[in-house]
Amino acid sequence: MSQAKERPILFSAPMVRAILEGRKTVTRRPVKGGQIPRLEYPDSPEPWVAVGQHHPRYGFVVHGRTEQECAVKVGELGACPFGEPGDRLWVREAWTADAQLDGISPRNLSQGEPILYQADGSVRQTGCAMISQGRGRPSIHMPRWASRILLEITAVRVERLQDISEDQAEAEGVGFLRHIPDADETLTAAQLFECLWSSINGDESWSSNPWVWVVEFKAIDTDPAGCDYHGSHFGALYPDAQCVDGFLWDEDSCDVPGGPLMSGGDIPCPKCNAGAYTEHQREANQ
Ligand SMILES: [Zn+2]
């Protein structure tokens, strides 16, 4: 079995809210490039081919007697660019740091900075409080440490966009469209999904009925209140580390009692982030 991997994925504000409310458990993304089945060998018993890829440099050819069979095999052979079942996706969403940091690029922000999530306006405090809300920052620039939503992939497959069922459309999180002003109450979930898809990708993208990756997922609890881990990790003989969102912070790096923790965030928590911790220890011992 291959090792579980972690990749970023972008979601819009309505989709972030749907995930947080448990109404979104699947996303569809276009199949791209060589992974789209094409008729390559018309005279062969398996005329349809597509390229699968597990490694950035080495691909493999997937054959099929029909276009459908070829597409299904692309999904089954684990070539999904978003990952395989068991892999994790960390969500990038629109965010804001404190106004006094507006000139600082994301990579230079301290990992202890509070983050405001634009989708629902909630603020994650890690010791220090947000004093005034800064400029909006696009989801693509969200660093890993600022992400608050972690998903585990439960299934992937390839299918035609328009093959979506009512249940699947509902699981895409389309429900919010029923609550916008002048919403058409007669639309089915699949029709709402069509509206949503077209608004993002264009009408043409819906009518062309492309092959899509269907990525099903479940949210993993990363609530800091859910982990009470304390241990000795920063050189002290007593427990000097506490877990914040799955990573350890040095309790001695605090200027005032109860104040912000100034250093940490690099060591995964052995309790709630055990897989990453093991990997971190292995690298540290090399
Ligand atoms: Zn923890």
Taking the stretch 231-278 and keeping residues buried (at least 18 other Cβ atoms within 10 Å of the Cβ) and of a type in the set (S, T, N, Q) leaves Gln242, Asn273
Thr154: passes all of (1) surrounded by 17 or more Cβ atoms within 10 Å (Cβ to Cβ); (2) assigned by TED's automatic domain parsing to the domain that holds Cys80 but (1)
Checklist entry - Any residue at all in the stretch 122-129 that is among the β-branched types (Val, Ile, Thr) and either out of contact with any strand residue (DSSP E or B) (no Cβ under 8 Å at 6 or more places or on another chain) or under 27 Å from His55 (Cα atoms) (or both)? => result no
Quick one: is Leu39 assigned by TED's automatic domain parsing to the domain that holds His179 and at pLDDT 95 or above?
yes
Within the stretch 197-239, residues away from the ligand (no atom under 16 Å from the Cβ) and among the charged types (D, E, K, R) come out as Asp203, Glu204, Glu216, Lys218
Counting only strands (runs of 3 or more DSSP E) wholly inside the stretch 10-105, the ones holding at least 1 residues that are under 30 Å from Arg135 (Cβ atoms) and not aromatic (Phe, Trp, Tyr) are 26-30, 88-92, 95-98
Here is a check on your reading of the model: is Gln242 at pLDDT 85 or above, within 16 Å of the ligand (Cβ to nearest atom) and either touching an Asp or Glu at 6+ places or on another chain (Cβ under 8 Å) or not in a strand (DSSP E or B) (or both)? yes
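The values are calculated or read from the model by the stated rules, or taken from the named source; none is laboratory data. All values reported here derive from a predicted model rather than from experimental measurement. For neighbour counting, all protein chains shown are included, and Cβ atoms are generated from backbone atoms with ideal geometry for every residue, glycine included.
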